[in-house]
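Have a look at the structure below before the remarks.
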Amino acid sequence: MAPSAWQVSSNGVETLRTQLTSDPDTSRWDFAPTKAMSTYITTVLAGPYFKAEDSWRGTLTDGSVLDVPLALYCRASMAPSFDPEALFTLTKNGLDFFNELFDFPYPWGKYDQAFVPEYNLGAMENPGLVTFTENYVFTSRAADSQYQARANTLLHEMAHMWFGDLVTMQWWDDLWLKESFADYMGTLGVDRTTDWDTAWVNFANNRKAWAYVQDQLPTTHPIVADIPDLEAAKQNFDGITYAKGASVLKQLVAYVGFEAFVAGSRRYFKDHAYGNTTLADLLAALSAASGRDLADWARQWLQTSGISTLTAGIEEHDGVLRAVTLHQDAEDPTTGRQEPRPHRLRIGLYGMDDAGALVRTGSVETDVTGARTDVPPSPASRGRPAAGQRR
């Protein structure tokens, strides 16, 4: 029950609104039951908000049509600065993309997004009613990078409707199962569904750089951390879980291949919809789709700490490139042991063109394993002068 003039919303769709006969200034809102979801993403929005409405319609792989009501909320006093048209366009593009990518229809009925005051989080993936800090409502002129960052957050939270809400980790030690995936998917969504072409550059310069710093501090920890209680869980919402986890996930996509990654994700959603999972469940789906045994990969990347440093050793003779060897230094700062990790890399050969510009003249893909990896020669690299070669 709330003042009749307020906007009230929750995870489920509104089924009934009744004005109280005993107090006409007060009404009662009833909401439909949701599908099974975690208790920590239950939410209610109530207040004198401005509301904009729209809808999204998508055709599913079986030919059926899915209609999703859309709504946007912000404080009424901020409505003149609100840009619902741009937000609805981004939302519809995201729903197009994720519904096709995951091959699992958006499961939560409606999709509301509320920009709320005094919010100490960037956003929260409550199914059917995502909440954002109202700092994303720009009341003065904003830089293009701010709009791109907002788009990334919006698509990050939308990805959570599948990774984190449809399928939720069994316990907080697998927090990366939702946050790392959403961090990666937010960037992928900006890259695939918007006009911005710098999403992955920003990811490397901001998110990955943050991960490198966090991973060299005394507070570093494995991505899959031991979380004995909820107090420990609070400390795990950091640059390791988000940024390093997303960076490692990007490496996993390269390691198994994008198509295999998508196929494994689709299998994961179908097998575990509205349930809880562990790391083993995801690895089983990705291993089956890719044909790669990911048990060792998971141990080396997710259960160790610290960075891997790769250097190239070049052998040349009479100015001609003969061989390239990659050396990996990967000391885990928490144990002091060397923990070499598998990498899937594309190594480029570069030289100067006639205009003096640096151009790539060839490349070769290879799997880096262990402390030393000999790079197989590519046809483009045979007999090339060593003087102008750069990795």
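Candidates Pro333, Gly128, Val201 compared by Cα position along the dipole of the chain: farthest toward the positive end lies Val201, with charges placed on Cβ.
The Kirkwood hydrodynamic radius of the chain, based on inverse pair distances between different Cα atoms, is 23.4 Å.
Across the stretch 1-138, the convex hull enclosing all Cα atoms gives 127 Å³ per residue. Gain on full extension, evaluated as 0.36 nm per residue between Gln146 and Glu259 minus their Cα-Cα distance, stands at 37.6 nm. Among Ala199, Ala182, Ala86, the largest mean-square fluctuation in a Gaussian network model of the chain, built with springs joining Cα atoms closer than 10 Å, belongs to Ala86. Overall size of the stretch 100-223 from C-alpha positions, given as principal axis extents largest first: 42, 41, 32 Å.
Remark on Glu339: its backbone amide H falls under 5 Å from those of Ala330, Glu331, Asp332, a criterion applied only to residues 5 or more positions apart or on other chains, H modelled at 1.01 Å from N. With 0.36 nm allotted per residue and the present C-alpha distance subtracted, the Ser64-Glu85 stretch has 4.9 nm of extension available. Size descriptors for the stretch 71-170, from the alpha-carbon set: Rg then Dmax equal 13.6, 43 Å.
How much of the calculated P(r) for the stretch 169-280 lies past 22 Å, in percent of all Cα pairs? Across the stretch 169-280, Cα pairs with separations above 22 Å total 37 percent.
Relative contact order of the chain, please, whole-number percent, based on alpha carbon pairs below 8 angstrom and at least 6 residues apart.
Value for the chain: 11 percent.
Near Lys250: Cβ cut-off under 11 Å, other residues only, Lys/Arg at +1 and Asp/Glu at -1. The net charge is +3. Dipole size of the chain about its Cα centre, with +1 on Lys/Arg Cβ and -1 on Asp/Glu Cβ: approximately 560 debye, rounded to the nearest 20.
For the stretch 2-160, averaging the sequence separation of C-alpha pairs within contact (under 8 Å, six or more residues apart) and dividing by the residue count gives a relative contact order of 20 percent.
Span-like helix criteria (full DSSP H runs; alpha carbon extent of at least 15 Å along the helix axis; mean Kyte-Doolittle hydropathy of at least 1.0) are satisfied in the chain by 245-256, 279-290.
Length gained on full extension, Met78 to Thr139, computed as 0.36 nm times the residue gap minus the Cα-Cα distance: 21.2 nm.
Only DSSP H runs of four or more residues enter the estimate; each adds -39500 (n - 2.57), and after division by the residues of the chain the mean residue ellipticity at 222 nm equals -9000 deg cm²/dmol.
Considering only DSSP beta bridges where both residues belong to the stretch 78-213, give the percentage that are antiparallel (nearest 5).
Rounded to the nearest five, the antiparallel share is 25 percent.
Positive-end ranking of Asn152, Thr43, Leu310 along the dipole of the chain, with charges on Cβ about the Cα centre, is headed by Leu310. Within the listed set Asp238, Asp318, Asp103, the residue fluctuating most in the Gaussian network model of the chain (springs between alpha-carbon atoms under 10 angstrom) is Asp318. With both labels modelled 7 Å from their Cα along Cα-to-Cβ, the Gln300 to Trp196 distance reads 3.3 nm. Here the stretch 352-372 is scanned for amide nitrogen atoms under 18 Å from the site 7 Å beyond the Cα of Thr325 along Cα-to-Cβ, giving 367-372. For the stretch 167-302, relative contact order (Cα pairs under 8 Å, six or more residues apart, normalised by length) works out to 34 percent.
No value in this document is a laboratory result; all are computed from the given coordinates. Quantities reported herein were computed from a predicted structural model and do not represent experimental measurements. Reconstructed Cβ throughout: ideal geometry from the backbone, glycine too, with neighbour counts over all protein chains shown.
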